[in-house]
1. Normalising by the residue count of chain A, find the relative contact order in percent from Cα pairs under 8 Å and 6+ residues apart.
2. What nm distance separates the two modelled labels at A:L45 and A:Q304, each placed 7 Å from Cα along Cα→Cβ?
3. Could you line up B:S270, B:S287 from fewest to most neighbouring Cβ atoms inside 10 Å?
4. For peptide A:119-130, compute the average count of partner chain beta-carbon atoms within 10 Å of each residue's beta-carbon.
5. Using a simple charge model, +1 on the beta-carbon of Lys and Arg, -1 on the beta-carbon of Asp and Glu, nothing else, what dipole does the stretch B:215-263 show about its Cα centre, in debye to the nearest 20?
6. Can you tell me the length gained on complete extension of the stretch A:R357 to A:L11, counting 0.36 nm per residue apart and subtracting the Cα distance?
7. If you count, for every residue in B:283-290, the Cβ atoms of partner chains within 10 Å of its Cβ, what is the mean?
8. For the stretch A:1-117, with the dipole built from +1 on Lys and Arg beta-carbon atoms and -1 on Asp and Glu ones, taken about the Cα centre, which of A:M27, A:V55, A:L98 lies farthest toward the positive end?
Amino acid sequence: MSASAIFVLDLKGKVLICRNYKGDVDMAEIDHFMPLLMQHEEEGLLCPVISHGNVHFMWIKHSNLYLVAMTNKNSNASLVYSFLYKLVEVFTEYFKELEEESIQDNFVVVYELLDELMDFGFPQTTDSKILQEYITQEGAKLEVAKTKVPTTVTNAVSWRSEGIKYKKNEVFIDVIESINVLVNANGSVMSSDIVGSIKLKTMLSGMPELRLGLNDRVLFALTGRDKGKTVVMEDVKFHQCVRLSRFENDRTISFIPPDGESELMSYRINTHVKPLIWIESIIEKFSHSRVEIMVKAKGQFKKQSVANNVEVRVPVPSDADSPKFKTSTGNAKYVPEKNLVVWTIKSFPGGKEFLMRAHFGLPSVENDELEGKPPITVKFEIPYFTVSGIQVRYMKIIEKSGYQALPWVRYITQSGGTLLIWRNKYLWLSYCV
Amino acid sequence: MPYLGGEETVRELRRALSNPNVQSDQLRYRNTILKVIRAMSQGVDMSGLFSEMVKACATVDVVQKKLVYVFLCSYAALNPELSLLVINTLRKDCQDPNPMVRSLALRNMTNLRLPSLVEYVEQPLAAGLRDRAACVRRVAVLGWAKLHNLQASSEIDAAVVNELYSLLRDPDPVVMVNCLRALEEILKDEGGVAINKPITHHLLNRLKECDIWGQCQVLRVLQRYRPQSEDELFDILSLLDASLVSPHPPIMAATLSLFLSLCSGQPAVSLAALERVRGPLLAACGSGSREMRFTALCHIQLLLRSIPGLMGAHYKRFFCGYAEPAYIKQRKMQVLVELVNDENVAMLLDELKGYCTDVNAETAQAAITAIGRIGRSYSDRCLEILTGLLGLKQDHITSAVVQTMRDLVWVCPQCSDTVCFALEGCEETLQDSQGRQALLWLLGVYGERVSSAPYTLEVFIDGVRSEASLGVKMELLTATMRLFLCRPAETQDMLGRLLHYCIEEETDMCVRDQALLYYRLLHCGIEETRKVLQGRRSDPSLGVLIGRPAEPVSQWARSFNTLEPLRQGSIETESVSRGSPEHTMFDPKPNADLSNTLDCSRIEKVHSDGDGRCSDSSADILASSVAAPLSLSLFPALSPEEFERLWLQQLALHAEQEEAGKEDFVWMEECVRCPTIPRCSPQSLQAAMQLVNIQTLAFTPPQTLPWRVYLYTHTCLDDAPHSTLILGELLYTGEEPQKAEVHKGSADGGVGAEGIEDEQARQGMEATADGGQEAVKVTLRQQPRDDKALKGFLSILTTVLHTLSSERA
């Protein structure tokens, strides 16, 4: 691992804050970072590693900031990137929004955090839940040194403090699935997968022991039951609180939850997904005069379900003007800075079909520039429904004091970063999600 | 935040800091300090306030302390004397009842980085190791590493090292991991922390308690462990299996790295581990962070060098998303090229074709290059796409296509007809010098088949005055000369004009000298000129894509999970398609710049060149088993006719000169047992040989009997004065080998190859025992005689054959 120094730069490359962890690299080296970045960008050779002499910069960009780790060792790249993303995560939890202003306004806390997150180039305490116990923004308000030592620093359960109390003990479980579908111009599904996550909002007193039951096919096969719908999950990732050994032995998900909001697990399901909202479009381009667009959206999910906040984004040529729209439902809007028509439908019941027509003028002078052919994308949310059919069968809550607690479960499906391929130039096309 | 003028601000802040009224008011005092730090972060030099800030650190307010320490650590190096004043406060803080304050003081004491203060720091650090709060121990342990870093020459007390070793058993996992890190740093000269059996087992048992960072550190340190028995090895591997498929890419990568180093003696287990990580790696390729995706892709490229088919079925996962950054798209295309096979080629090419019109010119060019690479195996389909792209009349696309076609023709001469046909008319859209150079090269070499070639060249020659690119001018000279050789009538006049211009008016020495050279060459007569200028038109041995031999895992295992794989590819893409193929062919790979600067893993020699061009590195590695370092080279090239002449001459001589020991050449025969070699495809055999710089000249098709291969190479032994030429024949008759497995030509009676001979004999015997049909007869002829080199060569050849046949088996 070992990063020699960490920098936070603004878009112009000015250092906002930095921490020299090892003292083995000249801090002035960072002045080479921005010019090199610009040069590489111009040459089209931009890469997340930039080297100058024997110094290597590994960088990520977040809103209007560059986070840069500097090293002169052949260090472990994936670990450095993980750490930079961890920084973003921790800062975001502290400041809600991580951007230049929030760094400027909170530089005391940033210094404190940088001190605790890493020492001598090695990550130390990176769990924001723990950090929040002893580095607080309130700390910046004057308060004569608290001698209270956070228990988590020495605790066996590092993600939860002792002595938490709630009047009403509740757990909220959100099952959120987002689907990614790739469809080619002929309308056939190239690839599809579902990325799901289970989020918890825990409001429980003491040190409760939780057990979560899912309709996991492996578990059902293990116990010999074979009734109802089951799912096969891949790439299951757990929060550190879950006892992995138990999951590996008997697929039981048992854990002591962190207090407040957390992501308990994430998974991926690699199955063939039928696009939930099917889009067909006819785009006719009459050079030098106009473009006519017709988009048909069809809800291919159960009649009882309703998709909310459906957004169909149709790209149009950058030189189009004077838009006219006609929709069977919802609103269509032209967003010229993104060269898009955005058609929004507040609620879209399953099985229904809607139409949108758009008409644009084109300048008589042809645009010579080579234009990208971005895909049509669709965004939506379907509550009370999961594509994979995953279900929370039970949530058991056991605490020494024996209180009764209520688990609440909510399901939701979203479209993820849906990608559709736009191949032929303004011909008859059909897309779907 | 308005810009604050430096000196004025410093003066103002100094006044505020030393104002007793401010000092007595906690809130105002802290706010003033805040202003100092803010100005410091903005790059204003605040070092003048050092003594005031030293006073400010004697406070009960933890936040104020932290701020002051940030200040002091930044400027301590400028004020070593004044820093001595801080030590007292810091040492007092080390006695504080609050562990947070103790750890803060310790951390900053060591962060001051002043050698003069070391004597004051050692005692609190030693006490810190025994502190009851884990957070203090964490800091103290790393503190020793910092101290050592500060004065690397001085010895750290052995007692401290012992204490650190004992702290490996600390109940706090972070303390344990920090101990590893500190010991690695302190004992760097001795090769890092000693990893013996008890430590290894202890670390493995506690692995689960650590966080991601800790696990990666532990896994990395364990790479140095060598299990004492096979049982222990497999116990460790089974224990680590869960980490190997961990959903956290860093842990998965670190575990794989450990697997590879533990199983370095067991290639089969390593390969099984690679298969096992396929899923997690693919998942990492779909990770939300583009940098992580990029890293995963780079590492997949490493894996593919050993198991080319690893991701074959998952090629769709490497299709590019519209919004992905160019560096990811380019890596994905490089991976896609590796994954091509008969089933997916149509789909893959269709997809790549889509990328050729990407808005980003580099991505488009990378896609075109990728199609060209696939064209080495599927030339018809690819040429069709490439020709189609020319129709778009986009200059960057045309340039990339012409360069790709040039590279393709160099490797697959059978494509030349299509290429020549496609070239017509594309000079109008070519703008950049690379593309025009490629066009000129093609026109020069295939001028007789492109009807419009002289006219195209004429346009170039007419515009040579305003030509800025040196490369284009040189290429133009060569191309015109070549065209003159095959179409003198049409070209003579313009060649005269060009030479005249270049010799009389051109200011660049390189161009002028080249023109003079050609001019004088023409004086020597047309035959001489032809000999010089009409070299090879192609080198088919360069370019097999499919069936390329898999490299052993050990070639890249040491650079796995470091920074290095992220950089290699960019170098590779640069070296591809630049200049004429003849020129680039024997270029050494410019791969050294990274390895020099990175200290921890200098891998032996990376054979990063994806397309199997000649490189000495693999030969070195293979030859390392031989006593003296031997390197092979293909230069100077030998034509088939020349080979035949030498071979036959030598056969004849061999018959006559039985007794002549002083003969200039050696002649030897060996039997090598390599069961499946004759069933190998010519391509893979050729590529494997190419990898160690042995050129194969002629083949019989696979599965026919008798099966023969002819090959040659040049050897240069490091301590030998001259190089030698070796000619060889591999013969497989499919019959029982002759009784005496090994019999050498008489001329080589004195060769001291006893060891090899015995081994070969043994292998020969085994072969007979196994059914006996598996031996391939190797006949070698060396000139001039050099026994050591011949011996070395034979062992290289044997290694290659064995590797190939074990792969087939």
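1. 16
2. So the label points at A:L45 and A:Q304 sit 6.0 nm apart.
3. B:S287, B:S270
4. Per residue, the number of nearby Cβ atoms from other chains is 6 on average.
5. Charge dipole, the stretch B:215-263, about its Cα centre: 320 debye, nearest 20.
6. Between A:R357 and A:L11, full extension yields 120.5 nm more.
7. That average works out to 4.
8. My answer, from the dipole projection, is A:V55.
A short reminder: the numbers here are calculations on the coordinates, not readings from a lab. Because the structure is predicted, anything quoted here is derived from the model rather than measured. Backbone-built Cβ (ideal geometry, glycine too); neighbour counts: all protein chains shown.
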